[in-house]
Amino acid sequence: MVRIQHIDAKQGPILKHYGLTTLTFSTAAGSHEIPALTESTAEQVHRQIATLARLIDEEI
């Protein structure tokens, strides 16, 4: 978790219609996705990953 550099939430028109979000987190080795999370779950996971990665709000 400490290697995570950036977390991003994406929501295209289809995902938005269904209330879903895809989280993408980046490390030096590349990026990884957690697709099709509900908006509330995505927000919760985003906060948890940021906390575990020890990122501050300005870096997210």
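The values are calculated or read from the model by the stated rules, or taken from the named source; none is laboratory data. As the structure is a computational prediction, the values presented were derived from the model and not from experiment. Note that we place each Cβ from the backbone using ideal geometry, even for glycine, and neighbour counts take in every protein chain shown. Keep in mind that these areas ignore ligands, DNA and RNA; they rest on the heavy atoms of the full protein, side chains included. Shrake-Rupley method; radii C 1.70, N 1.55, O 1.52, S 1.80 Å.
Miscellaneous remarks
- A residue that is touching a helix residue (DSSP H, G or I) at 6+ places or on another chain (Cβ under 8 Å), surrounded by fewer than 15 Cβ atoms within 10 Å (Cβ to Cβ) and not polar (S, T, N, Q) occurs somewhere in region 11-24.
- Among residues of region 1-17 that are under 14 Å from Pro35 (Cβ atoms), those with a beta-carbon under 8 Å from a residue that is part of a helix (DSSP H, G or I) and open to solvent by less than 80 Å² (accessible area, probe 1.4 Å) at least six positions away or on a different chain give the pairs Ala9/Ala42; Ala9/His46.
- Residue, farthest from the chain's Cα centre (by Cα), within region 44-59, restricted to residues that are part of a helix (DSSP H, G or I), surrounded by fewer than 15 Cβ atoms within 10 Å (Cβ to Cβ) and at pLDDT below 95: Glu58
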